[in-house]
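The values are calculated or read from the model by the stated rules, or taken from the named source; none is laboratory data. These numbers were taken from a predicted model, which means no experiment stands behind them. Backbone-built Cβ (ideal geometry, glycine too); neighbour counts: all protein chains shown.
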Amino acid sequence: MEIYIDGKFYPKDQAKVSVFDHGLLYGDGIFEGTRAYNGRIFEFDAHIDRLYNSAKAIALEIPMTKEEMKAAHLETLRRNQLTDAYIRTVVTRGVGDLGLDPRKCERPTVIIIADRISLYPPEFYEKGLKIITVPTRRNLPETVNPMIKSLNYLNNILAKIEANLSGAAEAIMLNQEGYIAECTGDNIFLIKGKTLATPPASFGALKGITRGRVMALAAEIGLEVVEMALTRYDVYVADECFLTGTAAEVIPVVEVDGRKIGDGKPGVYSKQLKEAFHRYAMENGTPIYE
Ligand code: PMP
């Protein structure tokens with residue numbers, strides 16, 4: 001495996017960053033998770049745009065143009081001869097001293113790792129997930145805005161630990177007002193009748209790229225798509241529930257806080273959207289080898 005760091009490629013065991021990198025010392029940085037399907041990078045521009053928006057929001061100037069960044073991604077996939085992959089892009093504030101002042105960091109560190117996608121086990125999709133609501137809240141937009149894909153994932157990790165300790169597959173995180181925000185690494189959707197609902201990003205969710213594509217596909221199959229405030233009650237009485245994310249794609253949820261969702265089996269629309277999404281992803285994207 002060859003890993004991109006600051007313009008050069010290194011074998012996995014030599015791909016290292018300094019212990020003085022502020023990404024490590026302070027979580028000062030941002031990241032992206034992108035996927036390649038069938039020789040194409042899915043929603044490439046949307047991921048690159050979100051990376052640069054995350055950087056802008058934390059006043060971090062990425063030392064490459066978007067075109068150079070895209071070329072580096074393509075080169076990483078080509079060198080690793082991948083057609084189907086998960087790509088992790090990390091940009092940190094760079095190497096500084098032990099103080100937190102970002103002005104001590106001369107140049108951001110840019111890392112691109114492309115690896116084979118490790119899928120959730122197929123039974124997760126067939127049987128659906130059992131998840132719980134956890135006490136740890138999603139961070140406030142006034143602090144590190146959840147729209148920023150920052151290296152500060154500790155509260156999501158705490159939520160994941162709470163789910164793990166209860167034997168649940170995922171955690172629903174609420175915002176400060178107690179409305180549903182999202183899960184630890186996925187957006188959440190409910191279906192009631194012919195309506196597909198998801199919380200607005202301003203309620204404390206990352207504006208997921210899978211979320212956006214699924215909303216468009218749902219409208220095409222005749223569902224009414226709404227972004228609205230959702231409570232735990234809305235989840236319990238929904239006909240269907242599913243999560244979306246680059247790694248998970250569309251994954252059904254069959255139980256929340258001990259309440260069965262619908263008839264306790266993955267719903268018809270959830271399955272239909274999962275298939276429509278996968279089909280779309282296989283057929284659309286930026287070719288890697290041309
Ligand atoms: N929410 C959080 C907190 C995430 O980390 C992710 C994964 N990037 C998502 C939602 C899903 O976003 P996307 O569909 O863009 O992968």
message: Give all pairs with beta carbons closer than 7 Å in which a residue from the range 203-226 that is free of Cβ contacts under 8 Å to residues at least 12 places away in the same chain meets a residue that is away from the ligand (no atom under 11 Å from the Cβ); count only pairs at least 6 apart in sequence or on separate chains.
response: 219/225
task: With respect to residue 112, determine if the residue is closer than 26 Å to residue 205 by Cα and surrounded by fewer than 20 Cβ atoms within 10 Å (Cβ to Cβ).
output: no
message: Just to be sure I understand the filter: pairs with C-beta atoms under 7 Å, separated by 6 or more residues or on different chains, first member in the range 160-172 and closer than 18 Å to residue 244 by Cβ and surrounded by 23 or more Cβ atoms within 10 Å (Cβ to Cβ), second member of a type in the set (S, T, N, Q) and modelled with pLDDT of 95 or more. Which pairs pass?
response: 170/184; 171/184; 172/133
field: Filtered residues of the range 251-264 (kept if in contact with a strand residue (DSSP E or B) (Cβ under 6 Å, 6 or more places away or on another chain) and in a loop (DSSP other than H, G, I, E, B))
entry: 257, 261, 262, 264
task: Could you run through the range 39-54 and say how many residues are within 12 Å of residue 77 (Cα to Cα) and not basic (Lys, Arg)?
output: 2
- prompt: Picking from 244, 184, which residue would you name as being more than 17 Å from residue 35 (Cα to Cα) and either within 14 Å of the ligand (Cβ to nearest atom) or buried (at least 22 other Cβ atoms within 10 Å of the Cβ) (or both)?
  reply: 184
query: Since residue 286 meets every condition but one in (1) within 19 Å of residue 134 (Cα to Cα); (2) touching a Phe, Trp or Tyr at 6+ places or on another chain (Cβ under 6 Å), which condition does it not meet?
result: (1)
field: Test: residue in the range 57-70 that is surrounded by 15 or more Cβ atoms within 10 Å (Cβ to Cβ), aliphatic (A, V, I, L, M) and within 17 Å of residue 285 (Cα to Cα)
entry: yes
- request: Output yes when any residue across the range 268-282 is touching a Gly at 6+ places or on another chain (Cβ under 9 Å), within 16 Å of the ligand (Cβ to nearest atom), of a type in the set (Phe, Trp, Tyr) and on the phi < 0 side of the Ramachandran plot, and no when none is.
  value: no
- prompt: Would you pick out the residues in the range 40-63 that are farther than 18 Å from residue 152 by Cβ, of a type in the set (D, E, K, R) and away from the ligand (no atom under 16 Å from the Cβ)?
  reply: 40, 61
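Kindly indicate the residue of the range 234-282 that is among the charged types (D, E, K, R), out of contact with any Lys or Arg (no Cβ under 6 Å at 6 or more places or on another chain) and touching a residue at least 12 places away in the same chain (Cβ under 8 Å) and also farthest from residue 45 (Cα to Cα) among those meeting that condition. Break it down stepwise before answering.
First, the residues of the range 234-282 that are among the charged types (D, E, K, R): 234, 239-240, 249, 255, 257, 259-260, 263, 265, 271, 274-275, 279.
Filter once more, so that each one left must be out of contact with any Lys or Arg (no Cβ under 6 Å at 6 or more places or on another chain): 234, 240, 249, 257, 259-260, 263, 265, 271, 274-275, 279.
Next, from what is left, pick out any that are touching a residue at least 12 places away in the same chain (Cβ under 8 Å): 234, 240, 249, 257, 259, 265, 271, 274.
On the way: 234: 34, 240: 31, 249: 18, 257: 37, 259: 39, 265: 35, 271: 27, 274: 22 Å.
Checking each candidate, the answer is 259.
Return the residues of the range 82-106 that are among the basic types (Lys, Arg), touching an Asp or Glu at 6+ places or on another chain (Cβ under 9 Å) and free of Cβ contacts under 8 Å to residues at least 60 places away in the same chain; say none if nothing qualifies. Step through it out loud before you land on a result.
Let us first name the residues in the range 82-106 that are among the basic types (Lys, Arg), namely 88, 93, 103-104.
Filter once more, keeping what is touching an Asp or Glu at 6+ places or on another chain (Cβ under 9 Å): 88, 93, 104.
Answer for the range 82-106, where residues must be among the basic types (Lys, Arg), touching an Asp or Glu at 6+ places or on another chain (Cβ under 9 Å) and free of Cβ contacts under 8 Å to residues at least 60 places away in the same chain: 88, 104.
The rows are residues; the columns are (1) buried (at least 18 other Cβ atoms within 10 Å of the Cβ); (2) more than 24 Å from residue 96 (Cα to Cα).
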site	(1), (2)
6	no, no
13	no, no
30	yes, no
40	yes, yes
48	yes, yes
task: Among the residues of the range 30-83, write down those that are touching a Ser or Thr at 6+ places or on another chain (Cβ under 7 Å) and among the aliphatic types (A, V, I, L, M).
output: 30, 36, 41, 51, 58
query: Within the range 201-219, can one find any residue that is over 20 Å from the mean Cα position of the chain (by Cα) and at pLDDT 95 or above?
result: yes
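Say whether the condition of being touching a Pro at 6+ places or on another chain (Cβ under 7 Å), away from the ligand (no atom under 16 Å from the Cβ) and of a type outside the set (Asp, Glu) is met by at least one residue in the range 253-261.
At the first step, the residues of the range 253-261 found to be touching a Pro at 6+ places or on another chain (Cβ under 7 Å) are 254.
Now narrow it down to the ones that are away from the ligand (no atom under 16 Å from the Cβ): 254.
Of the ones still in play, those that are also of a type outside the set (Asp, Glu) are 254.
Among the residues of the range 253-261, at least one is touching a Pro at 6+ places or on another chain (Cβ under 7 Å), away from the ligand (no atom under 16 Å from the Cβ) and of a type outside the set (Asp, Glu), which makes the answer yes.
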message: I'd like the residue in the range 138-157 that is without any contact (Cβ under 8 Å) to a residue 40 or more places away in the chain and more than 13 Å from the ligand (Cβ to nearest atom) and, out of all such residues, is surrounded by the most Cβ atoms within 10 Å (Cβ to Cβ).
response: 143
